[in-house]
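Participant: Questions regarding the structure given below will be posed in turn.
The values are calculated or read from the model by the stated rules, or taken from the named source; none is laboratory data. Because the structure is a prediction, the values reported are computed rather than measured. We place every Cβ from the backbone using ideal geometry, glycine too, and count neighbours over all the protein chains shown.
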Amino acid sequence: MVDGGESTAEVTMRQRIEELRRRREESLRMGGEEGLAKHRASGRLPVRERIDMILDPGSFFETGGLGLPERRIHKPVPGDAVVTGFGTIDGRRVGLIGIDASVLAGTTAPTSMRKQGRVIEQAQRYGFPLVLLCDADGGRMPDVMGWRFSGLPLDFATFLGPRETEPPVPRAAAVLGPSYGDSALHASTADFVVMKRDSSLALSGPSVVEAALGEEISDEELGGPEAVQDVGNVHMVVEDEQAAMDAIAAFLSYLPSNAAQPAPVAPAVDPAVPPSELENIVPVGSRSGYDMNDVIEAIVDAQTIFPWGAAWGASVITVLARIEGKPVGVIANQPIVRAGALDPQALAKERAFVDLCDTYNIPLLFLHDVPGLMIGREAERGGVLRGYESLVSRITTARVPKVGVVIRKAYGGGHFAMGGRPTHPDFLFAWPSAELGFMAPEAGIRTVYRRRMEKVRAEQGVAARDALVEELTKEWLAESEPWEAAAHLSLDDVIEPAQTREVVARAIEIAWGGRTERVVREWPR
């Protein structure tokens, strides 16, 4: 016994609890007063405020909070510059990694890598989405120098994606500051990446680029929004951190927690634009422009359109939305951007979106108004042929319901790249305004009848040639109208524009068949 009648064991336990509390308090200090002040001065929020902003109040379950660097230094490094754990967003469990850039610029070392890898592996094994808050300056020196780099606890079998026996889980990343090294790698694995406008994203930061290449470059020039949106590294750019967190929550609301579950359903809402307006929105003439977003607004539930990669390959629109409360991935040509022609960037964007939707059990709706694939030197050097082959192959293998509607023109390979008949859509419809064929009339007539036109001009003059062109154009357009396509069952039906929402909803429901409201595939457990 000791003074006061307490045992030595009781005193020892109390002391150890106090030691635990002291260490816990230190782990919550992040970069300390000086580090946090510097971090805030850069326009960024501390990582724990970010976590409170995105997760439901009181839901955060932290893991690895007492982690410390393997190489100890005189300066405190709470959590080894990363906060990891689990929480809920709108009541749904997620795994979370938040880089703490107030501590040694959020640089990565073995302990922080081990913490991140463990949460990733657990989230994938348990079937939870991953939320990645990126804000880091790459690897930490000297912690990853020499042999230590090769020995980093980085397991690409789980870090980049799930094992074959595990269904994929959605990953959503927010780029909230200079994000290099592992933060950039996180973003590259994400199904959705949102970026704060004053942030940057690149494999290596400006200091490394200058040392390696002698090139002086700013964060913005290297990996700012203008630099990364065009190549699809980022899907959305926002003005502040709250908007970034809201975007992640909205994105996840369309997806199941993992690919072995059905996509979540919400209450049905009428479209923002009455479907009866569709016949007034789209002009019949193929040369007249209009905004395809207006068409989408008249088909899907109001306030449910979530843009995905709007600034990348802008001649094709890819959005998540809902029809009668059920998630759908909409792929639509944008006539006001290069007339809707599909260039290499648009093809790559569409393929990635098809893969996203097929992975997470979201039906696909294709709205066709495409003059074809982009051709010419620039397109060929950009890989249009390879991009086309990759896209149509992926559409063909997609197992979610696929429904297409030809709004206006659908020519050549562009039609197939939008889910045309050779890619096995479940249903393919057209409006009365539809034009289908190998080529648009102007190009087709010049290609097929070039010699005849030249002969008529040489023998009878320009007026005769123009009259011939007019006659051939009428014949070409007659062949392109949807009636013969429907007569020969190349189309399942021709529908009135106002019927589009209803027809698409029923077609998707039928295409699910016995799988309605169920998963598309199973993974061994």
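Participant: So SER42 fits all but one of (1) buried (at least 17 other Cβ atoms within 10 Å of the Cβ); (2) farther than 16 Å from VAL82 by Cα; (3) of a type in the set (S, T, N, Q); what number is the exception?
Facilitator: With (1) buried (at least 17 other Cβ atoms within 10 Å of the Cβ); (2) farther than 16 Å from VAL82 by Cα; (3) of a type in the set (S, T, N, Q) applied to SER42, the lone miss is (1).
Participant: Can we say ALA173 is closer than 23 Å to ALA314 by Cβ, under 18 Å from the mean Cα position of the chain (by Cα) and at pLDDT 90 or above?
Facilitator: Judged against the criteria, ALA173 is a match.
Participant: Do we have any residue at all in the range 63-85 that's among the small types (Gly, Ala, Ser), within 19 Å of ALA243 (Cβ to Cβ) and in the same structural domain as LEU130 (by TED's automatic domain parsing)?
Facilitator: So far as the range 63-85 goes, no, none of its residues is among the small types (Gly, Ala, Ser), within 19 Å of ALA243 (Cβ to Cβ) and in the same structural domain as LEU130 (by TED's automatic domain parsing).
Participant: To continue, here is another question. Can you name the condition, by its number, that GLU215 falls short on among (1) in a loop (DSSP other than H, G, I, E, B); (2) more than 24 Å from LEU347 (Cα to Cα); (3) touching a strand residue (DSSP E or B) at 6+ places or on another chain (Cβ under 7 Å)?
Facilitator: The one condition GLU215 does not meet is (3).
Participant: Any residue that is at pLDDT 95 or above and part of a helix (DSSP H, G or I) - is there at least one of those in the range 54-75?
Facilitator: yes
Participant: Since GLY117 meets every condition but one in (1) over 23 Å from ALA259 (Cβ atoms); (2) among the small types (Gly, Ala, Ser); (3) out of contact with any Leu (no Cβ under 6 Å at 6 or more places or on another chain); (4) not in a loop (DSSP other than H, G, I, E, B), which condition does it not meet?
Facilitator: Going through (1) over 23 Å from ALA259 (Cβ atoms); (2) among the small types (Gly, Ala, Ser); (3) out of contact with any Leu (no Cβ under 6 Å at 6 or more places or on another chain); (4) not in a loop (DSSP other than H, G, I, E, B) one by one, GLY117 breaks only (1).
Participant: What helices (runs of 4 or more DSSP H) completely inside the range 344-450 contain at least 3 residues that are in contact (Cβ under 8 Å) with a residue 24 or more places away in the chain and closer than 22 Å to LYS326 by Cα?
Facilitator: The helices (runs of 4 or more DSSP H) meeting that bar are 344-359.
Participant: Right, another one. Name every residue in the range 273-313 that is more than 24 Å from the chain's Cα centre (by Cα) and assigned to a loop (DSSP other than H, G, I, E, B), in order of residue number.
Facilitator: Of everything in the range 273-313, those that are more than 24 Å from the chain's Cα centre (by Cα) and assigned to a loop (DSSP other than H, G, I, E, B) turn out to be VAL273, PRO274, VAL282, PRO283, VAL284, GLY285, SER286, ARG287, SER288, GLY289, TYR290.
Participant: If you don't mind, there's one more thing I want to ask. Looking at ALA511, ALA467, ALA478, can you tell me which residue is touching an Asp or Glu at 6+ places or on another chain (Cβ under 7 Å), among the small types (Gly, Ala, Ser) and either modelled with pLDDT of 90 or more or assigned to a helix (DSSP H, G or I) (or both)?
Facilitator: Criteria check complete, one pass: ALA511.
Participant: Taking the range 337-380 as the region of interest, how many residues are closer than 28 Å to LEU278 by Cβ, of a type in the set (Gly, Ala, Ser) and surrounded by fewer than 24 Cβ atoms within 10 Å (Cβ to Cβ)?
Facilitator: Residues flagged as closer than 28 Å to LEU278 by Cβ, of a type in the set (Gly, Ala, Ser) and surrounded by fewer than 24 Cβ atoms within 10 Å (Cβ to Cβ) within the range 337-380 amount to 3.
Participant: Could you check ARG29 against (1) modelled with pLDDT under 95; (2) among the charged types (D, E, K, R); (3) in contact with a Leu (Cβ under 9 Å, 6 or more places away or on another chain); (4) loosely packed, with under 15 Cβ neighbours inside 10 Å and say which number it fails?
Facilitator: Single failed check for ARG29: (4).
Participant: If we scan the range 126-135, do we find a residue that is surrounded by fewer than 17 Cβ atoms within 10 Å (Cβ to Cβ), without any contact (Cβ under 8 Å) to a residue 60 or more places away in the chain and under 19 Å from ALA184 (Cβ atoms)?
Facilitator: No, the range 126-135 has no match at all.
Participant: In addition: Does the range 45-72 hold any residues that are among the small types (Gly, Ala, Ser), surrounded by fewer than 19 Cβ atoms within 10 Å (Cβ to Cβ) and out of contact with any Pro (no Cβ under 9 Å at 6 or more places or on another chain), and which are they?
Facilitator: GLY58, SER59
Participant: Consider THR423 carefully, then state whether it is modelled with pLDDT of 80 or more, hydroxyl-bearing (Ser, Thr, Tyr) and crowded, with 16+ Cβ neighbours inside 10 Å.
Facilitator: Against the criterion (modelled with pLDDT of 80 or more, hydroxyl-bearing (Ser, Thr, Tyr) and crowded, with 16+ Cβ neighbours inside 10 Å), THR423 qualifies.
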